[in-house]
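K.L.:
Once you've had a glance at the structure underneath, I'll fire off some questions.
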Amino acid sequence: MSSDPTTTPATLDSGGGPLGDMPIDDFRAAGHRLVDWIADHVASAESRPVLSQVRPGAIREALPAAAPDAGEPFEQILDDFETTLVPGLTQWSHPRYFAYFPCGFSLPGTLADFLSTAMSQQAMLWRTSPAATELEETTLGWMRDALGLPAGWEGVIYDTASTGIVHALATAREAKVPAVRTAGLAAGGAPRLRIYASEHTHSSLDKAAITLGLGLDSVRRIAVDDQLAVRVEELAGAIAEDREAGWEPLAYVATIGTTAAGSSDRVDAVADVCEREALWLHVDCAYAGPAMLLPEHRAAFAGVERADTLILNPHKWLFVPFDCSVLYSPKMDLLRQAFALTPEYLRTAESGTVKNLMDTGFQLGRRFRALKLWTVLRTFGLDGIRARLREHIRLARLFADWIDADPRFVRAAPVGFSVVCFRAVPPVLAGDPAAEDAFTERLMNAANATGEVLFSHAKLGGRTVIRLAVGSLRTTEEDIARSYRLFGRLFDEIAAET
Ligand SMILES: *Cc1c(COP(=O)(O)O)cnc(C)c1O
């Protein structure tokens, strides 16, 4: 073997012999086997429980205590994955997964995520991935137009809505008290900033307040009305009261499609207050945002064009595998002003003429997430996506109709997009709220323990409710019917013991 660097090696394999990567032919064979395995796994989802039935610690105990010294074949790793880890997988893409919110899963999105990883793109600078940078811009432009958001808005992809709201509120802070970027909150007598939200606003707001150093006390929750929308007059009153007490009102975080019930603030009314009071308006439609594609649901989004920042998660209800969250803003330059900072080693000749995604937030490196969004939009088409969203909403309403017609249950909130909240009302408990709540919880736990379905709960008006959130591409009317029948059967069993 020559050590002369000018000679060409005799073989060009994947990674340079025994000290390199997996041989390319092994990769090919393992990859084919893996795709077959995934296809079988997806097709056989119903043979496994929706909620993982392992006890805490079981997975850890089944794993070796240390990494192997000698390398192991991929076959062995996949076998161990199947026997040891698959029992510990809660199946978010199961046809009867109805808990929390759906986690976008689709086969084209899966293929695209694999491809994205395989291309090893890190889109911090335009030059480190012109394709990822420009595809993100183009795809988010397509989506903005399809959602009916204003043409001037710019979008950026983050991992989650929790990351997005930190950026949104940091941008609000940049607008209100720009000195904080340099001097920090403590210096120079920065005012105590206040952020308003309804009782039902997602807890990522509170985490953002912690992260930004504003503190949990900066978040003031406003009561909701019987439609679970924020009481706008109470919001206005709270702002006046706070100004009086020396707070500086910063932002209102509106929600369209709340976590508990899929309910919505009336953004137009809230926007009036925000304009009058010079508050940043952030609209969180992490789950429900894709419903903007449906003309018959667009009214719920009236006023979103007045937002300063808006977030939706394609990884929830747009069939894009986790993670992929999009923040749109008419003020993206202000967001860049809040975050951009270029050390010498990241300076490039083309900055100024191109976008460097590292400027749009606190992270430097970025995955090529636009690829899966682009692939999903193209594979299903906007019409295909609309049809799927409509089907989920139809199924949710069907379930709600059955609940409404059944004296054993009451619906606890209007159907919010594809979310239905209900609780049990066993006559034997004679309307005792605490006993009914305990019964409802027991009913849900019993249903989940069958492994046939997975539901999660919420508190609405102090009462325990079971939530149905439809969003899996695999859910059919029969799945909804089967779940309803399961609740009926378990209700009767538990009531008989009560
Ligand atoms: C799910 C959700 C969030 C948080 O989403 P992540 O992407 O997991 O951070 C925030 N707000 C609403 C309304 C949500 O539904």
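Every number in this text was worked out from the coordinates using simple rules, so none of it is lab data. Note that the coordinates shown come from a computational prediction; the quantities given were computed from them, not determined experimentally. Glycine gets a Cβ as well: all are built from the backbone with ideal geometry, and neighbour counts include every protein chain shown.
K.L.:
Provide C103, C274, C285 in ascending order of the number of other Cβ atoms located within 10 Å of each residue's Cβ, fewest first. Working shown, then result.
P.N.:
Details: C103 20, C274 25, C285 29.
Going from sparsest to densest Cβ surroundings: C103, C274, C285.
K.L.:
In straight Cα distance, which aspartates and glutamates are under 15 Å from K355, not counting same-chain residues fewer than 8 positions off?
P.N.:
Filter leaves E134, E136, E137, E154, D333.
K.L.:
Local charge sum around L85 (other residues, Cβ-Cβ under 12 Å, Lys/Arg +1, Asp/Glu -1)? Working shown, then result.
P.N.:
Working: positive: R60; negative: D79, D80, E82.
Counting the neighbours of L85, the net charge comes to -2.
K.L.:
What is the distance in Å between the Cα centres of the range 375-393 and the range 277-305?
P.N.:
The range 375-393 and the range 277-305 have Cα centres spaced 19 Å from each other.
K.L.:
Given Cα pairs under 8 Å that are at least 6 residues apart, what percent is the relative contact order of the chain? Write down the numbers at each step before the final one.
P.N.:
Working: 834 pairs, mean separation 102.1, N = 498.
Once normalised by length, the contact order is 20 percent.
K.L.:
What residue among L279, A240, A261 has its Cα farthest toward the positive end of the dipole of the range 229-287, where the charges are +1 on Lys, Arg and -1 on Asp, Glu, each on the Cβ?
P.N.:
A261
K.L.:
Counting only C-alpha contacts under 8 Å and six or more residues apart, can you give the relative contact order of the range 375-497 as a whole percent? Let's see the in-between values first.
P.N.:
Details: 151 pairs, mean separation 30.2, N = 123.
Over the range 375-497, the number comes to 25 percent.
K.L.:
From the cross-link list K207/K316; K316/K459; K176/K207; K331/K459; K176/K316; K176/K372, which pairs have alpha carbons spaced over 26 Å apart? Intermediate results must be reported in sequence, preceding the final value.
P.N.:
Details: K207/K316 20 Å; K316/K459 21 Å; K176/K207 20 Å; K331/K459 36 Å; K176/K316 32 Å; K176/K372 36 Å.
Where the Cα-Cα span goes over 26 Å, the pairs concerned are K331/K459; K176/K316; K176/K372.
K.L.:
In the chain, what % of DSSP beta bridges are antiparallel (nearest 5)? Walk me through the numbers on the way to the answer.
P.N.:
Values: 23 of 43 bridges.
Approximately 55 percent, going by the DSSP bridge assignments.
K.L.:
Give the order of D284, D333 when sorted by the count of other beta carbons within 10 angstrom, beginning with the fewest.
P.N.:
With the sparsest Cβ surroundings first, the list reads D333, D284.
K.L.:
Residue-wise, which Karplus ³J(HN,Hα) couplings in Hz belong to the range 257-262, taking 6.51 cos²θ - 1.76 cosθ + 1.60, θ = phi - 60°, and x for glycine or proline?
P.N.:
x, 5, 5, 5, 9, x
K.L.:
What is the range 27-127's relative contact order, in percent, from Cα pairs under 8 angstrom and six or more apart in sequence? Don't jump to the answer; show the numbers that get you there.
P.N.:
Working: 38 pairs, mean separation 33.0, N = 101.
It rounds to 33 percent for the range 27-127.
K.L.:
List I77, I38 from most exposed to least, where exposure is judged by having the fewest other Cβ atoms within 10 Å. The partial results should precede the final answer.
P.N.:
On the way: I77 11, I38 14.
Arranged by neighbour count, lowest to highest, I77, I38 become I77, I38.
K.L.:
Right, another one. Using only Cα atoms, locate the centre of the range 107-186 and the centre of the range 451-477, then give the distance between them in Å, rounded to an integer.
P.N.:
Here the two parts' Cα centres lie 30 Å apart.
K.L.:
Also: Lys and Arg at +1, Asp and Glu at -1: add these up for the other residues within a Cβ distance under 10 Å of F98 and post the number.
P.N.:
Summing Lys/Arg as +1 and Asp/Glu as -1 gives +1.
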